[in-house]
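What follows is a set of notes on a single structure, which appears directly below.
The values are calculated or read from the model by the stated rules, or taken from the named source; none is laboratory data. These figures come from a predicted structure and were not determined experimentally. Cβ atoms come from the backbone with ideal geometry, glycine included; neighbour counts cover every protein chain shown. SASA here: full protein model, heavy atoms, side chains in, ligands and nucleic acids out. Shrake-Rupley method; radii C 1.70, N 1.55, O 1.52, S 1.80 Å.
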Amino acid sequence: MSPVPGGLPCGSEEEFIRRLYAEHGTLLLRYAARLLGGDWHRAEDILQEAALRAWKHALALGLDVAEARPWMFTVVKNLVIDHRRARTIRPPENVALDTLHNATATDDNVERLLTSHLVTDALDDLTEQHREIIRLMYYLECSVAQVADHLSIPPGTAKSRSYYALRALKKALAARGHGAN
């Protein structure tokens with residue numbers, strides 16, 4: 001096996017994930033399902049996301065399955081928290097269409113379209129850096145860590161750029177007579 005830049009043989013991360021699943025997969029799945037109120041399908045998704053993060057951080061974790069266990073439980077817990085927060089912001093995916101539409105659906109669509117044009121126009125006033133941060137974080141729903149990775153900047157810089165980008169967008173909207181709440 002040839003070494004990778006971190007000095008470990010190729011395939012070490014994959015073997016690490018196999019051992020992680022073998023030793024902790026069942027416990028992590030049960031833990032996630034319990035936190036999710038018995039939603040085993042979502043728990044499996046959470047476990048896969050946690051495993052992906054472990055694979056990305058395998059070198060930082062030292063490829064030690066035993067020492068990775070507390071880290072994995074923390075990642076699973078945080079992913080469940082993120083899932084719950086997202087569900088409070090977004091409607092459930094399986095809501096029947098009839099419950100989403102009402103008599104004012106057409107008015108809502110027109111309002112949404114006008115707002116969309118207003119925001120698109122206001123985005124043109126921003127710097128390219130601010131537009132990119134808003135696109136990544138709010139349109140593509142990337143996490144701060146993903147944005148930082150993508151732009152090769154520290155996570156703190158990604159957070160502050162998003163703060164200033166939103167501030168600039170609010171000013172651009174206010175200049176157009178649309179009070180940003």
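Out of all the residues in region 107-145, which are among the basic types (Lys, Arg) and surrounded by fewer than 16 Cβ atoms within 10 Å (Cβ to Cβ)? Once the filter is applied, which keeps residues that are among the basic types (Lys, Arg) and surrounded by fewer than 16 Cβ atoms within 10 Å (Cβ to Cβ), region 107-145 yields ARG112, ARG135.
Which one is modelled with the highest pLDDT among residues in region 59-93 that are open to solvent by less than 60 Å² (accessible area, probe 1.4 Å) and over 18 Å from LEU28 (Cβ atoms)? The selected residue is ALA86.
Flag not set for ALA33, criterion: modelled with pLDDT of 85 or more, within 19 Å of the chain's Cα centre (by Cα) and on the phi < 0 side of the Ramachandran plot. Restricting attention to region 39-58, the residues being closer than 14 Å to GLU15 by Cα, open to solvent by less than 80 Å² (accessible area, probe 1.4 Å) and not in a helix (DSSP H, G or I) number 1.
Screening ALA103 on (1) surrounded by 12 or more Cβ atoms within 10 Å (Cβ to Cβ); (2) at pLDDT below 70 shows it passes everything except condition (1). The set of residues in region 19-38 that are hydrophobic (A, V, I, L, M, F, W, C) and either open to solvent by 40 Å² or more (accessible area, probe 1.4 Å) or not in a helix (DSSP H, G or I) (or both) comprises ALA22, LEU27, LEU35, LEU36.
Criterion applied to ALA148, ALA174 was being open to solvent by less than 90 Å² (accessible area, probe 1.4 Å), in a helix (DSSP H, G or I) and touching a Pro at 6+ places or on another chain (Cβ under 7 Å), and the one residue passing it is ALA148.
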